[in-house]
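Below is one structure, written out as C-alpha cells; the observations come after it.
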C-alpha cells in the first residue's frame, strides 16, 4: 500500500551548506519527506547559485541539489541572524554543515559542540580533509580531492591523466553523510541519543578507491589508465561498429570468453590461443586482442553487432550522449522523470533512485530567502518571542569558511 507521506515526514533538518557535498546529503533527506531548512547568507546565498545560468537562468548544480528545501537568509555575524540559527537548532532533529573545521568551531556549530548541548541532535560535519591533521584547513574542491586520492592517476588514457566528469568526491562525501545520518537516527530511535558525525571528502572517495589501493599495494603497480576500457579485465570496453557507433561490452569469466569467441567474433580458434588463455593473459596482450575485436566489429553494422552480443548473452550497452540518456527508453517505460518547480518555471528532473511505496515529492527549488518570513512565523508560533541565546561572534573565519 502506498503511504501518504515520506518515511522522514516530521523530521526537521537544518543545513548550513554550500556547493555540492552537504546539499547532496540534505536533498536525499528532503526526498524522503524531511523538512529541510537551508540557511544561506544574505549576500548571494549558496555560491552554487552562481555556478552557471543554464537552467532557464538558474544554476544547474543548484537546481539539482536543492529541490524541496526552504531557504532562509541569516547573517550569522549579526545578533539577529545568530539568534535565528540558534532557534532553529533548538527544534532540529538533524544539523548538517560544511564549513571548514576551524570556522565551524569558531561559530560553535561543530557536531561535537552541538551534541554536547543537545544530546538528541544528529549533527554532521562535512569537510575536505577532516578535523585535525596537517590538512585540516586546506581548501578542498572536488578536482583537488580526486587528485589527492589517486583517482586522477588511474583515470584517462595512458598519456593523459583525467578527472571524472562529475563531482564524484563531493557526491561520495554526501552519500556517506546521508547514510550516516540515517544510521544515527535509527540509533536515536533505540537509545534516545543523537550522534556527532564527521565525513571528509578525502576519506569518502578514498573508500571508493579500495580496489585500486589493494591492487597497487599488493600487486606492485597501480591499475593502468585504459580510457573507457576496464583497467584489469579484457575485453571490456567500447568498440566501434562499421557505421561508427560505439558499443560497450564486457566479459566476466572464461565461459563467456569462449562464447564470445565462437558466437560473436566467430573465431573459436582464439579460445586456445596462448596469448588469451586467461584474463591476465588477455590484459597483457590487450593491444593484439583489441585489433582482432576491432577488426570484426568494424565489419558489422550496429544491429548485427548488437544482435550477436544479445544472442550470445554477453553484457553490452550503447554509449549514449546526455541527450540520448534523457530519452532512454527504460526511464520512459518506468516513468522515472518528475517536474520540479523553480522561480524560472518547471524543470524535468529524475525521481529518487530508490523506488518504494511512499510518495516522491517534487518540491520546488527555493529562491534565496524565499521562506525566511514563514520560518520566523513558524518559530514564533512554536515558542513565542524569545531572548537572545547567543552573543554575536565577530570571527573572520566564520564568514568565508566553506570548504566543499
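The values are calculated or read from the model by the stated rules, or taken from the named source; none is laboratory data. This one's a predicted model, so the numbers in the text were calculated from it and none came from an experiment. All Cβ positions, even for glycine, are placed from backbone atoms using ideal geometry, and neighbour counts span all protein chains on display.
Does the stretch 174-185 contain any residue that is more than 12 Å from the chain's Cα centre (by Cα), over 22 Å from residue 32 (Cβ atoms) and surrounded by fewer than 15 Cβ atoms within 10 Å (Cβ to Cβ)?
For the stretch 174-185, residues more than 12 Å from the chain's Cα centre (by Cα), over 22 Å from residue 32 (Cβ atoms) and surrounded by fewer than 15 Cβ atoms within 10 Å (Cβ to Cβ): absent.
Which pairs turn up if I take residues in the stretch 101-118 that are under 10 Å from residue 195 (Cα atoms) and not assigned by TED's automatic domain parsing to the domain that holds residue 82 and look for partners that are assigned to a helix (DSSP H, G or I) and at pLDDT 95 or above with beta carbon separation below 9 Å, at least 6 apart in sequence or on another chain?
Listed by first residue and then by second, the contacts come to nothing, as the list is empty.
Can you find, within the stretch 304-316, the residue that is surrounded by the fewest Cβ atoms within 10 Å (Cβ to Cβ) among those that are touching a helix residue (DSSP H, G or I) at 6+ places or on another chain (Cβ under 9 Å) and in a helix (DSSP H, G or I)? Break it down stepwise before answering.
Of the residues in the stretch 304-316, the ones touching a helix residue (DSSP H, G or I) at 6+ places or on another chain (Cβ under 9 Å) are 305, 308-309, 311-316.
When the remaining residues are screened for being in a helix (DSSP H, G or I), the result is 305, 308-309, 311-312.
Working: 305: 24, 308: 19, 309: 19, 311: 11, 312: 17.
For the stretch 304-316, the residue satisfying everything is 311.
Given the conditions (1) surrounded by fewer than 17 Cβ atoms within 10 Å (Cβ to Cβ); (2) in contact (Cβ under 8 Å) with a residue 12 or more places away in the chain; (3) under 34 Å from the mean Cα position of the chain (by Cα), and given that residue 195 satisfies all but one, which numbered condition is not satisfied?
Looking at each condition in turn, residue 195 falls short on (1).
So, restricting to helices (runs of 4 or more DSSP H) that lie completely within the stretch 317-400, which ones have at least 3 residues that are at pLDDT 95 or above and surrounded by 15 or more Cβ atoms within 10 Å (Cβ to Cβ)?
On the way: elements: 322-326, 329-333, 372-383.
Ranges flagged: 372-383.
Restricting attention to the stretch 292-303, does a residue exist that is in contact (Cβ under 8 Å) with a residue 40 or more places away in the chain, under 24 Å from residue 24 (Cβ atoms) and assigned to a loop (DSSP other than H, G, I, E, B)?
Within the stretch 292-303, not a single residue is in contact (Cβ under 8 Å) with a residue 40 or more places away in the chain, under 24 Å from residue 24 (Cβ atoms) and assigned to a loop (DSSP other than H, G, I, E, B).
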